[in-house]
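What follows is a single structure, written as structure tokens, with notes after it.
The values are calculated or read from the model by the stated rules, or taken from the named source; none is laboratory data. Predicted model, so just to flag it, every value in this text is computed and none were measured. Counting neighbours? That spans all protein chains shown, and the Cβs are built from the backbone with ideal geometry, glycine included.
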Amino acid sequence: MTITLDNMLNGHRAAFPDAGPASLCRAPGRVNLIGEHLDYNGLPVLPMAIDRAIYLAFSPREDNLIQLRNQDRAFAPADFRNTAAIEPSQRGAWENYCKAAIVGLNAHFHPERYAGMDLYVDGDIPSGAGLSSSSALVVATTLAYLSVLGKKMEQDITRLELATLLAEAEQYVGTRGGGMDQAVILLGRRNHACMIHFFPLRVTHVPVFSDHAFVVCNSLVKAHKTGAMLERYNEGPLTCRLLRAVIEQQAREDYDDDLRIDRLADLWYGPLGLTHEEAAYLIERATPDEAVGLAWIAQRLGAPEETLRQDGFKELVEPPGGFLLRTRARHQITEHQRVEAARDCLLADDPEGFGAAMYHSHWSCAEDYRVSCPELDAMVHTAQAAGAMGARMTGAGFGGCTVNLVAPEQLGRFQETMHRQYYQNNGFPLDDIDSAFLPVRSADWADYMVQER
Ligand code: GLA
């Protein structure tokens, strides 16, 4: 059923018959066009908000109870009390995303009363598909709670401040992600991609191609950021922390004993101000060609392995073959260059150049950063054979979707080839195939649709 204002308000009324009039807000999903696994290192990314969203009908309550109902029965009803310390539910529970938003705003505003609300959720972003349905839920809950607290966007907190706050707040659910999703959801603009820089957060809107489509294709391999998937995702940010320490050590030896590198982005954007070539040279000197264990890293840093484990690496499990610091770092450098090149291609209306950067990005994610999977790789090969100008995995990886840049005259052939060579050959049921092609359009930022107060 399509989501309309009426459906939402009726859904809310049916779920909470005693509640007062409901307000409505919407937060879009996003597709990352290029710049994968860079945000948590402070490096720029280029995503776009899409015309699929999480919708929330909400009303305030007199007490401090938060009641959550979802149109999709796969998400069980959840109730909890809004207090000074809200405990997370078990890992992977959907209500944790709502709790994350409320805990984040409580820490910022210190409200006099921990207000309750009745929330009814619906949406058309496929979950576990790498299109940020979870961050959209965080942002939608944020808009609802701001309204219940009587706070006005831009007046009491700016969108940039909110995006920065929520990037931090979402860590409550256990992921160690960066700030890309919250920023593009709160600051995206129709017909534009967002070039996002971090620390401090800055967003520039870059017009997307007017005649070429971005088609999202779902691999139908679910990659919910819960359980094992969450650990696989977190391995990226945690390994990059080790990488940062090893590179800082090398930079101190090369340049200055007192040098501090707080995040990888400091190599380019901090006082060092290195070029891509200089950064590549430094990283090559800092990281060995082969995989290394924690013991090697500890020795390089002159710190006992035990201290290292306590210093923010408690959750880090050493991969069986050791850490591939060199290839992980290489992805950071080359992907950073591709983001800049892709932004320039948008500005120069050069879809060929943009598409080429997308293919390179995919294979860098797969071979250097190791966040792809056989199905995503097969889809990218098929897309290339089907005439896509560019194709790559998008989002956290390990499943989820690819994003494809397709010329208008190639759309039919593209869909037909993907259909036959990926979906049919892999035996996916027809119903799933129909929902697997998502010809997305760019969309505007998260906002209120109906406000009762
Ligand atoms: C997830 C995270 C983002 C980002 C991407 C990978 O979507 O939430 O912060 O790290 O993965 O680019």
Residues in segment 373-385 that are away from the ligand (no atom under 14 Å from the Cβ) and either more than 18 Å from Glu352 (Cα to Cα) or buried (at least 22 other Cβ atoms within 10 Å of the Cβ) (or both) total 9
Filter pass, Ala388 being more than 16 Å from the ligand (Cβ to nearest atom), over 19 Å from Gly128 (Cα atoms) and outside any helix (DSSP H, G or I):
yes
Restricted to segment 205-242, and to residues that are in a helix (DSSP H, G or I) and in contact with a strand residue (DSSP E or B) (Cβ under 8 Å, 6 or more places away or on another chain), which residue is nearest to Val339 (Cα to Cα)?
Thr239
Would it be correct to say that Thr417 is away from the ligand (no atom under 16 Å from the Cβ) and either at pLDDT 95 or above or β-branched (Val, Ile, Thr) (or both)?
yes
Residue by residue through segment 295-332, note down the ones that are touching a strand residue (DSSP E or B) at 6+ places or on another chain (Cβ under 8 Å) and either under 22 Å from Ala228 (Cα atoms) or without any contact (Cβ under 8 Å) to a residue 24 or more places away in the chain (or both).
Gly322, Phe323, Leu325
Quick check on segment 7-24. Is at least one of its residues out of contact with any Phe, Trp or Tyr (no Cβ under 8 Å at 6 or more places or on another chain) and within 23 Å of Thr394 (Cα to Cα)?
no
Please specify each residue of segment 178-204 satisfying the condition of being within 13 Å of the ligand (Cβ to nearest atom) and either closer than 24 Å to Asn404 by Cα or not in a loop (DSSP other than H, G, I, E, B) (or both).
Gly178, Gly179, Met180, Asp181, Gln182, Ala183, Val184, Ile185, Ile196
When every residue in segment 399-414 that is at pLDDT below 95 and within 16 Å of the ligand (Cβ to nearest atom) is compared, the one nearest to Ile433 (Cα to Cα) is Gly400
Residues being within 22 Å of Gly177 (Cβ to Cβ), outside any helix (DSSP H, G or I) and touching a helix residue (DSSP H, G or I) at 6+ places or on another chain (Cβ under 9 Å): count how many of those fall in segment 118-151.
7
If a residue has to be within 13 Å of the chain's Cα centre (by Cα) and acidic (Asp, Glu) to count, how many in segment 128-158 make the cut?
0
Check on Thr382, among the polar types (S, T, N, Q), modelled with pLDDT of 95 or more and more than 20 Å from the chain's Cα centre (by Cα)
yes
Scan segment 51-62 and give yes if some residue there is away from the ligand (no atom under 16 Å from the Cβ), in a loop (DSSP other than H, G, I, E, B) and either surrounded by fewer than 20 Cβ atoms within 10 Å (Cβ to Cβ) or in contact (Cβ under 8 Å) with a residue 24 or more places away in the chain (or both), otherwise no.
yes
